[in-house]
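Undergrad: First, the structure itself, so that you have it in front of you.
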Amino acid sequence: MPEPGSLSPAFYARRGGVVSDWWTLLHPPYTLWHLSYVVLGATMAPRLDRIALVWSVVAFFLAVGVAAHAFDELQGRPLATSIPDLTLQVVGSLALVAACGLGVAGVFWSSSVNWALLASVPIGVVLLVGYNLELFDGRLHSDAVFAWGWGGFPVAVGFLAQFPGASWSSIAAAGLATLAGVGTSYVQRSLSTPARALRRRTSEVTGAIRRHDGSVIDLDRATLLRPLEKALRALSWVVPAVAAAALVARL
């Protein structure tokens, strides 16, 4: 648990009870951010199946919003919640199973079997479990895996869930949207990694910036955190706004 007077483990974290713990665990700004990738991918398809989109978002909420964060909290309690280990294990496992079930159901949603979507289910499980439980000696717990797994993968699956039927232009558009997801997720990781280090693993920052005009800016944690988290906060609504704009254009 955090020491008295320490910073909260994340800018969206809340303290004070069960509701606060679950709010913090679900990472609301980041969860909404990554669910937006699913929406963005779906809007690249020639025909938008709204029901398939809704269930795709629900599946990713269960997988990324619930399961991934529950498993991550088991690894050293980075968010300092009081949720029991057994509860995290059960909730995370049930959420992952439910997400996989929705994925498999989506395979048979249309008149023809969606083999590409079926292949994405085990890939998603490996990415989620391997990254958050730091399996394979942590090889999957990297910037690149996060960028592709939490950015590109949701875009691609959101698009695949809209099959059957795709033109070459829509596939190209989905590919470009996937790269956008990878890029923005990589930016997120690049900003959030030093921000987490400052919040969770730093007790003190000392130093100063001396400018050519002789002025001095004292350095502390707040000074270093401010630009990192301002960018993260901005991106946490910019990406959903882009996805919402793409969705509105298709409705």
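Read-outs: derived from the displayed coordinates by stated rules, not from any lab. None of these values were measured; they are calculated from a predicted model. Cβ placement follows ideal geometry from the backbone for every residue including glycine, while neighbour counts extend to all protein chains displayed.
Undergrad: From the list 138, 130, 158, which residue is out of contact with any strand residue (DSSP E or B) (no Cβ under 6 Å at 6 or more places or on another chain), surrounded by 20 or more Cβ atoms within 10 Å (Cβ to Cβ) and small (Gly, Ala, Ser)?
TA: Details: 138 fails: surrounded by 20 or more Cβ atoms within 10 Å (Cβ to Cβ); 130 fails: surrounded by 20 or more Cβ atoms within 10 Å (Cβ to Cβ).
Answer to the check: 158.
Undergrad: Scan segment 41-55 and tell me whether some residue there is buried (at least 17 other Cβ atoms within 10 Å of the Cβ), free of Cβ contacts under 8 Å to residues at least 40 places away in the same chain and closer than 30 Å to residue 167 by Cβ.
TA: no
Undergrad: I would also like to ask the following. What tally of residues in segment 67-95 results from selecting those that are closer than 17 Å to residue 20 by Cβ, of a type in the set (A, V, I, L, M) and assigned to a helix (DSSP H, G or I)? Walk me through it before giving the result.
TA: Kept after step one, since they are closer than 17 Å to residue 20 by Cβ, are these residues of segment 67-95: 69-70, 73, 77-84, 87-88, 91.
The next check asks that each one be of a type in the set (A, V, I, L, M); those that pass are 70, 79-80, 83, 88, 91.
From what is left, the residues that are assigned to a helix (DSSP H, G or I) are 70, 88, 91.
Matching residues across segment 67-95 total 3.
Undergrad: Can you name the residue in segment 78-92 that is in contact (Cβ under 8 Å) with a residue 40 or more places away in the chain and farther than 10 Å from residue 25 by Cβ and is also surrounded by the most Cβ atoms within 10 Å (Cβ to Cβ) among such residues?
TA: By that ranking, first place goes to 80.
Undergrad: Looking at segment 130-137, is at least one residue aliphatic (A, V, I, L, M), assigned to a helix (DSSP H, G or I), farther than 17 Å from residue 37 by Cβ and without any contact (Cβ under 8 Å) to a residue 60 or more places away in the chain?
TA: Initial filter on segment 130-137 (aliphatic (A, V, I, L, M)): 133, 135.
Now restrict to residues that are assigned to a helix (DSSP H, G or I): 135.
Still in the list and also farther than 17 Å from residue 37 by Cβ: 135.
Retained after the next criterion (residues that are without any contact (Cβ under 8 Å) to a residue 60 or more places away in the chain): 135.
The answer is yes; a qualifying residue exists.
Undergrad: Restricting to segment 10-66, what's the tally of residues that are within 16 Å of residue 232 (Cα to Cα) and not in a helix (DSSP H, G or I)?
TA: Total satisfying the criteria: 5.
Undergrad: Hey, does segment 152-167 have a residue that's out of contact with any Lys or Arg (no Cβ under 9 Å at 6 or more places or on another chain), part of a loop (DSSP other than H, G, I, E, B), within 18 Å of residue 71 (Cβ to Cβ) and free of Cβ contacts under 8 Å to residues at least 60 places away in the same chain?
TA: no
Undergrad: Are any residues in segment 201-223 in a helix (DSSP H, G or I) and either out of contact with any Ser or Thr (no Cβ under 9 Å at 6 or more places or on another chain) or free of Cβ contacts under 8 Å to residues at least 24 places away in the same chain (or both), and if so, which ones? Outline the logic, then answer.
TA: Taking segment 201-223 as the starting set, the residues that turn out to be in a helix (DSSP H, G or I) are 221-223.
222, 223, listed by residue number.
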